[in-house]
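The values are calculated or read from the model by the stated rules, or taken from the named source; none is laboratory data. Since this is a predicted model, take the numbers as computed values, not measurements. Here the Cβ positions follow ideal geometry from the backbone for every residue, glycine too, while neighbour counts run over all protein chains shown. Ligands, DNA and RNA are excluded from the accessible area calculation, which covers all protein heavy atoms including side chains. Shrake-Rupley method; radii C 1.70, N 1.55, O 1.52, S 1.80 Å.
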Amino acid sequence: MALREIPFGKPIIGDEEKAAVARVLEGTTLTHGPLVKRFEAGFAALTGAPHAIAVSSATAALHLAYFHLGIGPGDEVIVPAQTHVATAHSVEYLGAKPVFVDAERETGNIDIAGIEAAITPNTRAISVVHYLGMPVDMHRVMAITEKRGLFVVEDCALAIGTYLDGVHAGLFGDLGAYSFYPVKHITTAEGGMAITRRDDVAEGVSKERAFGIDRDIVAERPIPGQYDVQGLGFNYRLNELGAALGVEQLKRVPAFLAARAANYDALQEALQEIPEVETLASSHEGFVSSHYCHLAILTPALAAKRYEIMASMKRAGVGTSIYYPHPVPLMTYYREKYGYRDGEFPNASRISDEGIALPVGPHLAPDDMRYVADALRTAITEVR
Ligand SMILES: *Cc1c(COP(=O)(O)O)cnc(C)c1O
């Protein structure tokens, strides 16, 4: 019998969110309304972004980024091996080729020396992921890309509250993409946000998320139907229900981040006492993590029993996860299309094959972390 129920992730939807959604349903505006604008303004204020554009998912934001930047067939985009498939799929959508680079062993972020080695005359852009919320060293990435005129797209799906030297993730490159899927830092059920410092990117992406229509429906189209389309676009809008959730969720961000940091520190301390477990580096001078989750990397012998360990923890009431199940280039689609093989991405494979993601979300308290660590320790003893 489990003494506690500790789900891996759990969205926190309070009375404020429920009331805000109900107000939208009682009104007349389900889309193209004021709440999307309010959510965008709030997200811009939170991150310090000059522009924030709400979209239907992080994947949509990434797709729009490469679309707007003109990436297409014949182009190569350097992509981290250790990420969600969306990071690579968004490059594939344009007919461009993702070129995968292994992770750094210490952080799980893209190996920066590996980026330089992967650049060819066809390289047009570099994509980075702030893995589990730990910032990529963007100063080094930008030093590489600026001298070669390459674009940089930041996948910030796990990076609300990720800072490097006081600058929020997503503001180093050409565009940063956020996710509001339920297990992420905040949720709009499905939803995303693009942030950018570039005025031209903001203007283009905000049109391209809505069919390429050249005018804002609220401000500039008092009479319906008065618009032109000067370029291709998609239907990647966020609706007012999602935005209503988002506006309320934004108010909780400081408390969410504080809870995550406290839980992470408590779990880090407890994990130090388990010799079979290694963790990723979580802080350096100037690097602030968003603490998406913790990662326990097992010794290779124990890793063979990872699913038994996870099942045992589940019986103790502790939900765990895997981020992510395989390095993206070793997923069947990419492996078959580009001929990648086992062993080519050793650091990403170590994290994917030997890691167990542990919860630190704001639905939990530091006291739960001792329980999580104890459940892991007991599970390790059981499978031995
Ligand atoms: C969750 C996630 C995504 C996808 O986000 P959606 O909003 O579901 O499209 C992309 N990249 C990373 C790193 C993620 O963790």
**Asked** Just checking, how many residues over region 312-357 are of a type in the set (G, A, S) and more than 16 Å from the ligand (Cβ to nearest atom)?
**Response** 7
**Message:** Restricting to region 308-338, name every residue that is open to solvent by 10 Å² or more (accessible area, probe 1.4 Å), part of a helix (DSSP H, G or I) and β-branched (V, I, T).
**Reply:** T332
**Fill in**
The condition from (1) out of contact with any His (no Cβ under 6 Å at 6 or more places or on another chain); (2) open to solvent by less than 80 Å² (accessible area, probe 1.4 Å); (3) assigned to a helix (DSSP H, G or I); (4) over 30 Å from A22 (Cβ atoms) that L257 misses is numbered (4)
**Request:** Hey, can you tell me all the residues within region 47-102 that are of a type in the set (V, I, T) and either at pLDDT below 95 or assigned to a strand (DSSP E or B) (or both)?
**Result:** I53, V55, V77, I78, V79, V99, V101
**Prompt:** Quick one: in region 183-204, which of the residues that are near the ligand (Cβ under 10 Å from one of its atoms) and farther than 15 Å from F39 by Cα is modelled with the highest pLDDT?
**Reply:** K184
**Fill in**
Scanning region 17-38 residue by residue, those assigned to a helix (DSSP H, G or I) and surrounded by fewer than 15 Cβ atoms within 10 Å (Cβ to Cβ) turn out to be K18, A19, A22, R23, L25, E26, P34
**Request:** Could you give me the residue pairs with C-beta distances under 7 Å whose first residue belongs to region 31-43 and is in contact (Cβ under 8 Å) with a residue 24 or more places away in the chain, whose second residue is open to solvent by 60 Å² or more (accessible area, probe 1.4 Å) and of a type outside the set (A, V, I, L, M, F, W, C) wherever it lies, and which are 6+ apart or on separate chains?
**Result:** T31/R237; T31/N239
**Prompt:** Which of the residues belonging to region 76-118 are surrounded by fewer than 22 Cβ atoms within 10 Å (Cβ to Cβ) and among the aromatic types (F, W, Y)?
**Reply:** Y93
**Asked** (1) away from the ligand (no atom under 16 Å from the Cβ); (2) surrounded by fewer than 17 Cβ atoms within 10 Å (Cβ to Cβ): which one isn't true of K305, the others all being true?
**Response** (2)
**Prompt:** Of F43, F67, which residue is in contact with a strand residue (DSSP E or B) (Cβ under 9 Å, 6 or more places away or on another chain), aromatic (F, W, Y) and at negative phi?
**Reply:** F43
**Candidates Q249, Q230, Q272 - the one that is surrounded by 21 or more Cβ atoms within 10 Å (Cβ to Cβ) and out of contact with any strand residue (DSSP E or B) (no Cβ under 7 Å at 6 or more places or on another chain)** = Q249
**Answer residue from region 145-178, given it is of a type outside the set (D, E, K, R), closer than 24 Å to K97 by Cα and open to solvent by 10 Å² or more (accessible area, probe 1.4 Å) and is nearest to the ligand (Cβ to nearest atom) among those** = A157
**Prompt:** If you scan region 350-384, which residues turn out to be open to solvent by less than 20 Å² (accessible area, probe 1.4 Å) and within 18 Å of E104 (Cα to Cα)?
**Reply:** I351, S352, G355, I356, A357
**Residues of region 297-307 satisfying the condition of being of a type outside the set (F, W, Y) and either part of a helix (DSSP H, G or I) or out of contact with any Asp or Glu (no Cβ under 7 Å at 6 or more places or on another chain) (or both)** = P300, A301, L302, A303, A304, K305, R306
**Fill in**
Subset of region 41-75, residues more than 26 Å from V99 (Cβ to Cβ), away from the ligand (no atom under 16 Å from the Cβ) and open to solvent by 20 Å² or more (accessible area, probe 1.4 Å), comes to A41, G42, A45, L46, G48, P50, H51
